[in-house]
Amino acid sequence: MSADSTPSVLLIGYQDQDNLGLRYLLSSVRQAGFAGRIETYTADPEPIVALAERLRPDVIGFSLIFQYMSPAFARVIEALRAAGCRSHVTIGGHYPSFDPEEVLHRIPGANSVVRFEGERTLVELMQRLGRGEGWRGVAGIAHRHGDEVVLNPLRPVLDDLDLLPLPDRSDIDYRRQELPMASVLGSRGCPWDCSFCSIRPFYEAQGGKLRRLRSPAAVVEEMRQLHFEQGAEMFLFQDDDFMATGRRARRWAEDIASGIIAAGLKGRIAFKISCRSDEVHYDTMARLAEAGLTHVYMGVENGDDQGLANMNKRMKASAHLEAGEVLRSLDMSFDFGFMLLEPYSTIEIVRNNIAFLDSYVGDGWTVAGFCRTLPYAGTPLKTQLEAEGRMLGTPFEPDYNFLDPKLDRFYDWMLLTFYERNFTNSGLNEVLRRLNFDARLKLPNRRNFRPSERAKVQRITAECNGHALYCLRSALDYIETTPVDEIDIRGGYLAKLTVHEKMQERRLLAELGAVDAARFEWRQFLESDQEFRSLGGFANAWTLAPQDLPVAG
């Protein structure tokens, strides 16, 4: 029991984009009369151990967003137990919800897993612990019984999201941020069944509608409060797909836009959404732009029709091109997720993907990032690869080989060549994402980019894309015509391509940094990492403690 005898919870996790999951949990337990606080996860266990010793919370809840981070979380929990911590330790998030047996087996210091939506489950768990009652019957948790893991019946979802208390932001002062940026959630769930994604299975597991909407009035009122009372100017909608469910979603989105305008927020705020390419309709996007929409993240994923079919995306690549033109016509910035490789890729599909990227963003409107698909827990893809006997790696770090072994070598070379560019916060991809976002951001308290400055960013982005696509295309052609046992990704022709790409990255980064700072504050945009790192999608969508931030190299 905590020192003041009020049952308490310490919630630990990454805090980028406000971590609304933790903040909804915190507001729910506080509404129920319990004490609680949020602390940023650190890979070094000592700060968390020291805090737990000082607070002595009844419950410590870990938000495990990323599957591959499970071993690191396990080390922190092991350190807590080694220090004598007797709190009930529970773990929540996508991965633990789908694979609680593995999590509890690998993390013996954890008492339970809160599965799927956790607000009411955590409240009941704390009520039972606070009363000294047995907690193992709480609906929605998994726990050990001897050597077995028991999965309790899941708790039905809350159909009316307006009944949830607003996420607790009492520890956030948006006015202190360079760009006051708050996250908002207008809905939960997604109706699409893409093979690589666990979002639909996550929300489908508990029953109910595949996508539940908050009322437009409630969304706008939260935005109004955050702006006028806490100083937020930029809003990141965390909806998995803001435009999902067709006409219904378009009406809902347009009602939010109308509400923003009626609330006096037009011209005072800007916001970002995520959606599919085939949901970008000009009339709705224009209405949202009038209300302040400035940036769209699109789940493009693939530029080849067969590749899209492999992913069960239920669209054609032409929809991506059409969406890009709509957003350009409205002068919006956008970025996108793209999996250059997926488990059923062929050399021809990869070649078509490279050509697609050239036609899609060869003009430099936004930077071309790319990765490969991973079979995460809960995804149809993982089930399919397991049935085919193709799953490799560990439960925490799943892996697979491609059907064509030459693509395994291509991926190895791609990771070696583009890791710094694509997957570090100081890499050219991330720097240009931030600059392209800010180039089209219009807020009253920020100086807008001049046309010449926007043109320079676009020209450098086009060069960045061009060099990357040249190297990808050249490497693929070489690997296709070379016997697989003669492919050396660290020597010969492929090594020359790697050197070329890295030289161009350094040159372009230097060009960005050498611009006259007296004429234009480029340094501000190059260094404002925390605010801009996660404007779109899931790539790098987390905040580590400063000592844990990845570095280039």
Cβ crowding within 10 Å averaged over residues, with 290-302, 225-237 ranked highest first: 290-302, 225-237
Extension gain from LEU166 to GLU348, taking 0.36 nm per residue of separation minus the Cα-Cα distance: 60.7 nm
Cα shape, segment 8-151, gyration tensor, a/c 1.5 rule: rounded
VAL150/LYS209 FRET efficiency (R0 25 Å; Cβ-Cβ; nearest 0.05): 0.30
Distance in nm between pseudo-label sites at GLU486 and ASP255 (7 Å out along the Cβ direction from Cα): 6.5
Share of alpha-carbon pairs per 20 Å distance bin for the chain, given as whole %: 20, 54, 25, 1
Accessible area in square angstrom per residue, segment 8-151, 1.4 angstrom probe: 39
The chain, accessible surface, carbon-and-sulfur percent (1.4 angstrom probe): 52
DSSP-defined beta bridges in the chain - what % are antiparallel, rounded to 5: 25
Where segment 333-466 is the region considered: accessible area per residue in Å², 1.4 Å probe: 34
Members of LYS272/LYS456; LYS313/LYS502; LYS406/LYS502; LYS209/LYS313 lying beyond 27 Å, as alpha-carbon distances in this model show: LYS313/LYS502
Difference of contour (0.36 nm per residue) and Cα-Cα distance, ARG446 to GLU325: 40.9 nm
Inter-site label distance for THR394 and LYS266 at 7 Å from Cα along Cβ, in nm: 5.5
Three-way shape label, segment 10-64, alpha-carbon gyration tensor, a/c 1.5: oblate
Segment 12-26-segment 51-107 distance, computed between alpha-carbon centres (Å): 16
Axial C-alpha extent at least 15 Å, average Kyte-Doolittle at least 0.0 - helices from the chain (DSSP): 20-31, 70-82, 347-361
Label-to-label distance, nm, for residues given as ARG506 and GLU46 (7 Å Cα→Cβ offset): 3.5
Length-normalised contact order of the chain in % [C-alpha pairs under 8 Å, at least 6 apart]: 13
Local net charge near ARG440, Cβ-Cβ under 13 Å (Lys/Arg +1, Asp/Glu -1): +4
Area of PHE196 that stays accessible when all protein chains are in place (1.4 Å probe, Å², to 10): 30
Beta bridges by DSSP in segment 8-151, antiparallel share as percent, to the nearest 5: 30
Those Cys residues of the chain for which no other cysteine Cβ falls under 4.7 Å: CYS85, CYS190, CYS275, CYS371, CYS464, CYS471
Residue-span extension gain [ASP193 to ARG176] - 0.36 nm each, minus C-alpha spacing: 2.1 nm
Cα principal axis extents for segment 156-230, largest first, Å: 40, 27, 20
Listed residue (LEU80, GLY36, GLY132) projecting farthest to the positive dipole end of segment 8-151, Cβ model: GLY132
Förster radius 30 Å - calculated FRET efficiency between GLU290 and GLU463 (Cβ-Cβ, nearest 0.05): 0.35
Neighbour-limited loop hits for GluC sites (Glu not before Pro), segment 337-420 (at most 14 other Cβ within 10 Å; DSSP other than H, G, I, E, B): GLU388
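The values are calculated or read from the model by the stated rules, or taken from the named source; none is laboratory data. The structure presented is a predicted model; accordingly, all values stated were derived computationally and were not measured. Don't worry about glycine lacking a Cβ; one is built from the backbone with ideal geometry, like all the others, and counts go over all protein chains shown. Areas reflect the complete protein model, heavy atoms only, side chains present, ligands, DNA and RNA absent. Shrake-Rupley method; radii C 1.70, N 1.55, O 1.52, S 1.80 Å.
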